[in-house]
1. Looking at Leu169, Leu136, which is the one that is touching a residue at least 60 places away in the same chain (Cβ under 8 Å), more than 20 Å from Ala108 (Cβ to Cβ) and assigned to a helix (DSSP H, G or I)?
2. Pick from the stretch 209-261 the residues that are closer than 29 Å to Ser282 by Cβ and aromatic (Phe, Trp, Tyr): which of them is surrounded by the most Cβ atoms within 10 Å (Cβ to Cβ)?
3. Keeping to the stretch 170-184, report how many residues are buried (at least 23 other Cβ atoms within 10 Å of the Cβ) and modelled with pLDDT of 95 or more.
4. Kindly evaluate Lys3 against the criterion of being basic (Lys, Arg) and at pLDDT 95 or above.
5. Condition check: crowded, with 23+ Cβ neighbours inside 10 Å and hydroxyl-bearing (Ser, Thr, Tyr). Does Thr190 satisfy that?
6. If I ask for residues that are surrounded by fewer than 23 Cβ atoms within 10 Å (Cβ to Cβ) and not in a strand (DSSP E or B), which ones from the stretch 155-166 would you list?
7. Which one of Ser266, Ser282 is touching a Pro at 6+ places or on another chain (Cβ under 8 Å) and surrounded by 11 or more Cβ atoms within 10 Å (Cβ to Cβ)?
8. Restricting attention to the stretch 42-90, which residues are touching a Ser or Thr at 6+ places or on another chain (Cβ under 8 Å) and basic (Lys, Arg)?
Amino acid sequence: MSKLKVGIIGCGEIAVQKHLPALMKLSSKVEVSAFCSGNKQNAQQVAEKFNRNAKVYTDYQELLNDIDIDVVHICTPNIFHAPITVAALNAGKHVMCEKPMATTTAEAKRMLDAAKRTGKKLTIAYQNRFRKDSLLLKEVCEQGKLGDIYVAKAHAVRRRGVPTWGDFLNKELQGGGPLIDIGTHALDLTLWCMNNYEVDSVTGVTYNKLRNQNQANPFGPWDPEAFQVEDSAFAFIKMKNGASIFLEAAWALNTLDEREAMTTLSGTKGGAEMRRNKEVNSNELIFNGEIYGNLIETKLQDPARIAYNLPIEETDADREISQWIHAILEDKDPIVTPKQAYMVTKILEAIYESAETGKAIKFHESAFV
């Protein structure tokens, strides 16, 4: 069988650091044969690094018109996700789009409808599902070990971690700040583990309180006048079955409880909590419950590995991209389905709407209508 030909649209850090290294490890199955960026020099530099024989485009439509391209990875600012995805699906390409799916529910619905209409595969790049702790927690949930999960917390909190490169602070291009940037990962992970996408209502608030406290930011100080988005956001999500989710997302918040792309789950049989152990620089997965009349905790820790004399470890991105390519080759659903990603976008939009109006946003229809 001939290799799948992949085209990359958007040649920034997410493409260079995540998508391309993972695709290179699948060289027996795929070939990255085209790159597209509005900055031709940037696209040429990336092509030179990963495949100097690849085609280079500055217009994504020209790449989509290339009949040799089977799969497109979209790594652009958020506002371009929907139009490029729809165009790619209509051009007969399978699409992996970076998160979030879109900046609005209407755009996400267009993507969902295009995938249904064309029969081409669509997935959204929620790579945190593919961490080892996430995969284990999902397995535990599927086995019913936690019982009925009725309370959850979605964590995406940085004490200081405002991205000062690219377009992250540009509301028009990104659609929001930490809520749509890192909060989307925590929400996706929580909904996936709960296997519950039926929302009753959403209440949310957003803040931009620390725009002038920019000297301790590890990515360097930002321009307060350019900080167009929220610095933190919080939401209460009530599910139709009575379960509830508390979501916290922040690039800058005066707190010591920093957790990003993590979840806490409380069920009728037990609980589970993702944490970051800074002392040993590793993630922890802590289960809790009771046995023989006593409360118990079980901590699973992924210890930091010694950097020498060990084989290269498979990364989260490797697992994510590999399952995506195999979903195409084997004609099966990807692990992140467009319906699930659509619901994440719908909730995020409702949080912003609630924050703006001061009202709870009621969901009337089923999640996957």
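1. From the options Leu169, Leu136, the qualifying one is Leu136.
2. Once the filter is applied, the top-ranked residue is Trp251.
3. The qualifying residues number 8.
4. Working: basic (Lys, Arg): yes; at pLDDT 95 or above: no.
No, not satisfied.
5. Yes; evaluated as a whole, the condition is true for this residue.
6. Result: Arg158, Arg159, Gly161, Pro163, Thr164, Trp165, Gly166.
7. Just one listed residue meets the conditions, Ser282.
8. Passing the criteria: only Lys55.
The values are calculated or read from the model by the stated rules, or taken from the named source; none is laboratory data. Keep in mind that what you see is a predicted model, and the values were worked out from it rather than measured. Note that we place each Cβ from the backbone using ideal geometry, even for glycine, and neighbour counts take in every protein chain shown.
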